[in-house]
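Engineer: Structure in structure tokens, see below.
All of the numbers you see were taken from the coordinates with simple rules; none came from a lab. Every value quoted in this text rests on a predicted model; they were computed, and no experiment measured them. Positions of Cβ are backbone-derived with ideal geometry, glycine not excepted, and every protein chain shown enters the neighbour counts.
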Amino acid sequence: MNNGYIGRILRINLKNGTIRKEPLNDANASQYVGARGLGTKYFCDECDPACDPLGPGNNLVIMTGPLTGTAAPSSGRYNAVAKSPLTGTIGAANSGGHFGPELKFAGYDGIIFEDISEKPVYLYINDDEVELRDASHLWGRDVFDTTEALYEECGSNFRVACISAAGENGVLFAGIMNDKHRAAGRGGMGAVMGSKKLKAIAVKGTGSVKVARPEAFFNEIVEARDSLRAHPVTGAGLSAYGTMILVNIVNGVGGLPVNNGSEGSLFPNADEISGETLTARHLIRNKGCFGCPIGCGRLTEIKAGAFKSKGEGPEYEAGWSFGADCGIDDLGAVCNANFLCNQYGIDPITMGATVACAMELYKIGAITEEDVGFPLHFGDAAAMVRATEMTCKGEGFGKIMGLGSYRMAEKYGHPELSMSVKKQEMPAYDGRAIQGIGLEYATSNRGGCHVRGYMISPEVLGIPQAMDPLTTENKPAMLKVFQDLTALCDASGICLFTTFGIGLKEIAGMYREAVGSDESDEEILLKGERIWNLEKRFNIAAGVEKDTLPPRLLRETLPSGPAKGRVNELYTMLAEYYAARGWTKDGIPTDNKLEELGIK
Amino acid sequence: MTIRFFAYYRDPEYTGRKEMTMAAPHTVRDLGDALCSQFGSPFAEEFFNSGRTAPGDRIIIMINGRRVEFLDGLDTLLRESDVVQLFPVVAGG
Ligand code: SF4
């Protein structure tokens with residue numbers, strides 16, 4: 001097709017081994033764009049919200065967007081969509097690298113995996129040749145090893161997405177790793193893949209993606225790329241320091257949670273785990289995803305000492321979760337734990353935050369050395385790395401940590417010590433010091449998450465304009481726009497980081513010319529709102545708990561820093577947020593709203 | 001007072017420093033003048049906007065963790081005990 005889409009998807013039934021090539025549902029593509037949006041639409045139309053996330057009724061949908069694999073900047077993205085075993089919400093995890101574009105070059109917008117295979121398999125795609133192949137010899141192997149083995153078996157020019165033993169063994173926050181280091185990380189999409197006995201997807205394609213109005217598309221791209229180049233963040237900052245550059249500034253506003261948030265959010269040694277330090281001491285070189293002019297990824301190495309290791313990352317969130325959140329200022333240990341997460345394909349945000357929660361349980365005596373196998377004090381770098389490795393490998397206490405902090409803390413009688421929303425751990429910003437991000441955590445459709453509506457942009461970074469992190473005014477309306485725009489961006493197939501330098505005008509412009517639409521910017525943004533409401537409707541049908549925050553954020557005041565004495569004012573913001581969304585006061589999309597958005 | 005520099009403001013061509021102390025100037029504007037004259041270009045192009053009415057587009061100026069935009073802007077009064085943090089506009093996530 002000549003409209004950004006390939007026009008075809010693969011439907012794989014893992015139980016009976018059937019492979020079907022079917023036309024893309026054009027009407028749904030036009031309504032839900034692609035990737036996160038279209039993947040969710042396919043999922044919701046075919047799966048029961050009450051399904052067991054690790055059972056046969058939970059489809060796993062891999063979906064690209066209309067801009068994926070085009071010349072649009074940072075267009076290497078795809079989404080994995082399924083019901084999340086961690087949260088019970090819709091799970092949609094986004095990843096970059098080169099896998100998504102390659103799937104389109106092979107001739108498919110997406111893949112729907114149904115049911116469960118009897119024995120381990122991987123999906124082989126070489127343009128039109130599609131096969132389910134035996135993966136018994138790969139079962140149990142880690143991400144790097146599996147990827148290498150598949151390069152050898154299929155060809156080094158294949159792109160591989162896979163899981164490790166963590167996904168196979170049901171670590172509830174196992175992700176899907178592609179191109180070795182890129183992760184569809186959050187919400188346990190790797191555990192869903194493992195439950196299906198699907199070890200990997202290896203793909204190679206020789207086609208290309210055609211757009212509807214090539215000349216106008218080209219002009220939009222030039223404009224978007226110029227804007228990205230001209231912006232200090234997307235033009236220079238992100239590539240120079242990576243995302244870890246945030247450590248000092250978030251700590252600067254007193255918003256970097258320390259020791260599971262139990263000791264406020266000012267970390268005295270933040271500079272030791274900062275982007276500045278990582279760049280000065282450990283950076284080998286930058287790495288970027290498909291077609292990305294930003295190139296925020298980094299190849300890093302710890303050259304000596306107990307944590308000698310080499311790999312990609314860490315990103316800011318992992319820098320915090322293994323660092324300040326565990327009271328650790330040893331960047332070598334932080335990198336080492338993060339590398340383990342890549343090697344074993346698990347979400348480093350949930351991993352680090354779960355270790356931090358275990359450290360607090362240990363501190364109050366709810367768990368002991370006998371439970372863990374060794375002392376687990378805040379600040380003990382070696383213990384943190386060991387706990388991470390045990391979880392990756394499913395050993396001892398690692399089996400309990402593999403359930404995430406909520407289930408672990410609940411088991412030991414202290415669910416309130418899990419810093420999670422809807423059982424997914426909140427990332428690296430304290431909602432007591434930065435009010436709007438607290439509202440985002442509470443309302444995110446996949447549980448504690450920052451990248452559904454990144455309020456840190458206005459509240460800390462001043463992009464597109466500065467908002468005071470300590471106040472609640474105008475945050476609900478702003479968050480709604482951010483969430484809708486993010487859904488649109490994710491669905492289009494480009495990286496969310498572009499939105500530091502470009503906005504609705506550019507994204508809608510590229511989308512319009514790629515798909516050949518004449519819709520206005522506002523009509524295109526409405527697709528983001530449609531996606532958001534569809535996700536929310538699924539969550540309500542699945543019986544997901546109400547939007548709230550851990551009691552610590554609502555009741556325990558911050559002990560120091562610029563936000564001293566504050567809690568998150570969630571209930572001041574929530575009613576206004578629901579009103580801005582046109583939902584009931586209990587946060588339920590009304591029939592009118594769903595009808596207005598054309599959600600059936 | 002203490003002044004801390006971050007990201008590329010630490011590079012030799014900007015300030016070459018992570019941290020410095022000085023006697024507190026009267027206001028943030030006075031602090032900007034002192035730093036711009038001490039470090040010269042390119043740092044001097046960062047601190048103020050073109051009309052010297054607000055911080056420049058590429059800098060975040062915080063006093064004790066609060067952006068000056070939410071205090072009294074460049075007229076914010078400074079005290080000896082203050083910690084000033086200067087960040088170029090950065091992002092991540
Ligand atoms: S900005 Fe970073 S994560 Fe996004 S596409 Fe570019 S390299 Fe990948």
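Engineer: Once region A:242-425 is represented by equal point scatterers at the alpha-carbon sites, with solvent omitted, what log10 I(q)/I(0) does the Debye formula produce at q = 0.13, 0.16 Å⁻¹?
Structural biologist: Result of the Debye calculation: -0.61, -0.91.
Engineer: Rounded to the nearest 0.05, what FRET efficiency do A:Ile588 and A:Ala216 have when you use their Cβ-Cβ distance and R0 = 41 Å?
Structural biologist: Efficiency, rounded to the nearest 0.05: 0.50.
Engineer: First obtain the Kirkwood hydrodynamic radius of chain B from its Cα pairs, then insert it into the Stokes-Einstein equation at 20 °C and 1.002 mPa s, and state the resulting D in µm² per second as a whole number.
Structural biologist: On the way: Rh = 13.1 Å.
Rounded to a whole number, D works out at 164 µm²/s.
Engineer: List the residues of region A:569-600 whose backbone N lies under 18 Å from a point placed 7 Å from the Cα of A:Asp45 along the Cα-to-Cβ direction.
Structural biologist: Residues A:595, A:597-600 fall inside that zone.
Engineer: Another question, if that's okay. To the nearest 20 debye, what charge dipole does the protein assembly as shown have about its Cα centre, counting +1 at the Cβ of each Lys and Arg and -1 at the Cβ of each Asp and Glu? Provide the component values of the computation, followed by the final result.
Structural biologist: Working: 70 positive and 87 negative charges, 142 e Å.
So the dipole magnitude of the protein assembly as shown works out to roughly 680 debye.
Engineer: Of all beta bridges DSSP finds with both residues in the protein assembly as shown, what is the antiparallel percent, to the nearest 5?
Structural biologist: Values: 59 of 75 bridges.
So the antiparallel bridges amount to about 80 percent of the total.
Engineer: Same structure, new question: A:Asp52 versus A:Glu410, label points 7 Å from Cα toward the beta carbon: distance in nm?
Structural biologist: 1.7
Engineer: Can I ask one more? How large is the charge dipole for region A:463-522, taken about the Cα centre, if only the Cβ atoms of Lys, Arg (+1) and Asp, Glu (-1) carry charge, to the nearest 20 debye? Walk me through the numbers on the way to the answer.
Structural biologist: Numbers: 4 positive and 10 negative charges, 38 e Å.
So the dipole magnitude of region A:463-522 works out to roughly 180 debye.
Engineer: Moving on to the next point. Compute the FRET efficiency between A:Asp521 and A:Thr471 as 1/(1 + (r/R0)^6), taking r as their Cβ-Cβ distance and R0 = 30 Å, and round to the nearest 0.05. Show your work: numbers first, answer last.
Structural biologist: Working: r = 29 Å, r/R0 = 0.95.
My answer for the efficiency is 0.55.
Engineer: Label A:Trp139 and A:Asn269 with points 7 Å out from Cα along Cα→Cβ: what is the distance between them in nm?
Structural biologist: 4.4
Engineer: Given +1 on the Cβ of Lys and Arg, -1 on the Cβ of Asp and Glu, and no further charges, what dipole in debye does region A:435-596 carry about its Cα centre, rounded to the nearest 20? List each step's numbers first, then the result.
Structural biologist: Details: 18 positive and 24 negative charges, 141 e Å.
Computed about the Cα centre, the dipole is about 680 debye.
Engineer: Taking square-rooted eigenvalues a ≥ b ≥ c of the alpha carbon gyration tensor, is region A:1-63 rounded, prolate or oblate, where a/c under 1.5 means rounded and, failing that, a/b exceeding b/c means prolate? Kindly include the intermediate steps, with their values, before the conclusion.
Structural biologist: On the way: a/c = 2.87, a/b = 1.44, b/c = 1.99.
The shape class here is oblate.
Engineer: Moving to a separate point now. To the nearest whole percent, what portion of all C-alpha pairs in region A:234-305 is separated by more than 15 angstrom? Before the final figure, lay out each step's value.
Structural biologist: Working: 1489 of 2556 pairs.
When every Cα pair of region A:234-305 is considered, 58 percent fall beyond 15 Å.
Engineer: Report, as an integer, the average count of C-beta atoms from other chains found within 10 Å of each Cβ along B:61-73. Working shown, then result.
Structural biologist: Details: counts 0, 4, 1, 4, 13, 8, 9, 0, 5, 7, 0, 0, 0.
Per-residue shielding by partner chains comes out at 4.
Engineer: If the cut-off is 24 Å between C-alpha atoms, which lysines fall inside it for A:Lys210, apart from same-chain ones fewer than 8 positions away?
Structural biologist: Those lysines meeting the cut-off are A:Lys21, A:Lys41, A:Lys104, A:Lys505, A:Lys527.
Engineer: Which one, B:Phe47, B:Leu31, B:Ile60, is farthest towards the positive end of the dipole of chain B when Lys and Arg carry +1 and Asp and Glu -1 on their Cβ?
Structural biologist: B:Ile60
Engineer: When you take every Cα atom in region B:2-54, what is the radius of gyration, and what is Dmax, the widest Cα pair distance, in Å?
Structural biologist: In Å, with Rg to one decimal and Dmax whole: 10.9, 28.
Engineer: I would also like to ask the following. I need the GluC sites (Glu not before Pro) found in region A:342-426, filtered to DSSP loop residues with at most 15 other beta carbons within 10 Å of theirs.
Structural biologist: Working: sites: A:Glu360, A:Glu369, A:Glu370, A:Glu389, A:Glu395, A:Glu410, A:Glu416, A:Glu425; in loops: A:Glu395.
Of the GluC sites (Glu not before Pro), the ones in loops of region A:342-426 whose Cβ has at most 15 other Cβ atoms within 10 Å are A:Glu395.
Engineer: Using only the Cα atoms of region B:26-69, what semi-axes does the equivalent ellipsoid have when each is the square root of 5 times a gyration tensor eigenvalue? Give whole Å, largest first.
Structural biologist: Details: eigenvalues 51, 29, 19 Å².
Its equivalent ellipsoid spans semi-axes of 16, 12, 10 Å.
Engineer: Roughly how many whole Å is it from the C-alpha centroid of region A:65-106 to that of region A:133-184?
Structural biologist: Region A:65-106 and region A:133-184 have Cα centres spaced 17 Å from each other.
Engineer: Report, ordered by chain and residue number, the aspartates and glutamates lying within cross-link reach of A:Lys475, taken as a straight Cα distance under 19 Å and ignoring same-chain residues fewer than 8 apart.
Structural biologist: Once the sequence-local aspartates and glutamates are set aside, what remains near A:Lys475 is A:Asp430, A:Glu440, A:Glu459, A:Asp484, A:Glu529, A:Asp547, A:Glu569, A:Glu576, A:Asp586, B:Glu69.
Engineer: Filter chain A for me: DSSP H helices, axial length by Cα at least 15 angstrom, mean Kyte-Doolittle hydropathy not below -1.0. List them by residue number. If you can, show how the numbers build up before the last one.
Structural biologist: Numbers: long enough: A:35-46 (16 Å, -0.61); A:143-154 (16 Å, -0.13); A:214-230 (24 Å, -0.32); A:331-344 (20 Å, 0.54); A:348-363 (22 Å, 0.76); A:381-393 (18 Å, 0.34); A:475-492 (25 Å, 0.38); A:504-515 (16 Å, 0.07); A:521-541 (31 Å, -0.62); A:570-581 (16 Å, 0.19).
Span-like helices in chain A: A:35-46, A:143-154, A:214-230, A:331-344, A:348-363, A:381-393, A:475-492, A:504-515, A:521-541, A:570-581.
Engineer: Would you mind computing the Rg to Rh ratio of chain A from its alpha-carbon coordinates, Kirkwood style for Rh?
Structural biologist: Numbers: Rg = 22.1 Å, Rh = 23.6 Å.
Checking Rg against Rh, the ratio lands at 0.94.
Engineer: Scale the Cα Rg of region A:98-251 by the rule-of-thumb value 2.2 N^0.38 Å and send over the ratio, two decimals. Spell out each step's value before the answer.
Structural biologist: Details: Rg = 18.7 Å, N = 154, 2.2 N^0.38 = 14.9 Å.
Cα Rg divided by the expected 2.2 N^0.38 Å: 1.25.
Engineer: Next up: Give the residue from B:Pro88, B:Phe6, A:Phe482 lying farthest towards the positive end of the charge dipole for the protein assembly as shown; charges sit on Cβ (+1 for Lys and Arg, -1 for Asp and Glu) and the dipole is referred to the Cα centre.
Structural biologist: Of the listed residues, the answer is A:Phe482.
Engineer: Sticking with this one: Along region A:236-251, what does the Karplus equation 6.51 cos²θ - 1.76 cosθ + 1.60 (θ = phi - 60°) give for ³J(HN,Hα), rounded to whole Hz, x for Gly and Pro?
Structural biologist: Ordered by residue, 3J(HN,Hα) equals 9, x, 5, 6, 5, 10, x, 6, 5, 4, 6, 3, 5, 6, 5, 5 Hz.
Engineer: Is the shape of region A:495-541 best called rounded, prolate or oblate, per the rule: a/c under 1.5 gives rounded, else a/b larger than b/c gives prolate, else oblate, with a ≥ b ≥ c the square roots of the Cα gyration tensor eigenvalues? Can you show the working numbers first?
Structural biologist: Details: a/c = 2.82, a/b = 1.58, b/c = 1.79.
Judged from the Cα gyration tensor, region A:495-541 comes out oblate (a/c at least 1.5, b/c at or above a/b).
Engineer: Now for a different question. With the dipole of chain A worked out from charges on the C-beta (+1 for Lys and Arg, -1 for Asp and Glu) around the Cα centre, which of A:Leu361, A:Leu138, A:Val451 lies farthest toward the positive end?
Structural biologist: A:Leu138
Engineer: Ranked by Cβ crowding within 10 angstrom, fewest neighbours first, how are A:His181, A:His414 ordered?
Structural biologist: On the way: A:His181 20, A:His414 16.
Ordered from fewest to most neighbouring Cβ atoms within 10 Å, A:His181, A:His414 come out as A:His414, A:His181.
Engineer: Separate question: If the viscosity is 1.002 mPa s and the temperature 20 °C, what Stokes-Einstein diffusion coefficient in µm²/s follows for region A:435-596 when Rh is the Kirkwood radius over Cα pairs?
Structural biologist: Numbers: Rh = 16.6 Å.
Here the translational diffusion coefficient equals 129 µm²/s.
Engineer: What area, in nm² and to one decimal, does the C-alpha convex hull of region A:8-204 cast on average over all directions? Spell out each step's value before the answer.
Structural biologist: Working: hull surface 37.9 nm².
For the Cα atoms of region A:8-204, the hull's average projected area reads 9.5 nm².
Engineer: Ok, one more. Using Cβ counts within 10 Å as a stand-in for footprinting exposure, how do A:Thr584, A:Thr572, B:Thr15 rank, fewest first?
Structural biologist: On the way: A:Thr584 12, A:Thr572 15, B:Thr15 19.
Arranged by neighbour count, lowest to highest, A:Thr584, A:Thr572, B:Thr15 become A:Thr584, A:Thr572, B:Thr15.
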